[in-house]
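Let me begin by presenting the structure, written as structure tokens, before commenting on it.
Rule-based calculations on the coordinates, nothing more; no lab input. Quantities reported herein were computed from a predicted structural model and do not represent experimental measurements. We place every Cβ from the backbone using ideal geometry, glycine too, and count neighbours over all the protein chains shown.
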Amino acid sequence: MTTPEILQANERYAANFDKPDFSHFKNVIILACIEPRIDPYTQLGLKVGDAIIIRNAGGVAEDAIRSIVVAQHFVGVRREIMLFRHTDCGLSRVTTEGVRDLVKKENPGRDDVAKIVDAMDFHHIIDPVESVKQDVKILSENPLVIKGTKISGWLYDVDTGKISQILQAIA
Ligand SMILES: [Zn+2]
């Protein structure tokens, strides 16, 4: 999709704009990968206004903490955090070292870039199930997550469109 197409699509959307209704808000935070095959709204039967959706590469908890704190303490989402991994994630095909090399290759001779990227962990996912278990543990033990929040870990299968629950914990 090119920019003019996006503009036209938005014009059509705005022409029939219906303000999102928050009365169906499910009090849930969904953390998912940026992968284009993932669409939490469609795949989980959500409408705009139903949930807080946080996305980053891999759906990694560490990157999402800032948004989770705002969603819990400011918006008041205290019931559940659903943490997703998916099969065939790009982060299973590239290591942290691999991403660093790509960035450095793009910026030859830039020591400032190398220094920044060498300090970053890109969270290579070896096994999505183990990875989701680890992140549920990290979130449930994070003192910034409100005590009593349910934290569930899920796997989305990009070949079948099905989700399955891996585990659940309480913060
Ligand atoms: Zn992914």
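State the Cα centre-to-centre distance between the stretch 96-133 and the stretch 1-77 in whole Å. Their Cα centres are 26 Å away from one another.
When the charge dipole of the stretch 88-152 is built from unit charges on Cβ atoms (+1 for Lys and Arg, -1 for Asp and Glu) and taken about the Cα centre, the candidate among SER92, VAL117, VAL145 whose Cα reaches farthest toward its positive end is VAL145. Shape of the stretch 8-79 from its Cα gyration tensor (a ≥ b ≥ c, root eigenvalues): rounded if a/c is under 1.5, otherwise prolate when a/b > b/c, or oblate? Since a/c reaches 1.5 but b/c is at least a/b, the shape of the stretch 8-79 is classed as oblate. Per-residue Cβ neighbour counts within 10 Å put ASP135, ASP39 in the sequence ASP39, ASP135, beginning with the fewest. Straight-line cross-link partners of LYS147 among the lysines, defined as a Cα under 20 Å from its Cα and at least 8 positions apart when in the same chain: LYS26, LYS133, LYS137.
Using all pairs of distinct alpha-carbon atoms, the Kirkwood hydrodynamic radius of the stretch 36-165 works out to 16.3 angstrom. Based on alpha-carbon atoms, the Kirkwood radius and the radius of gyration of the stretch 94-161 give Rg/Rh equal to 1.14.
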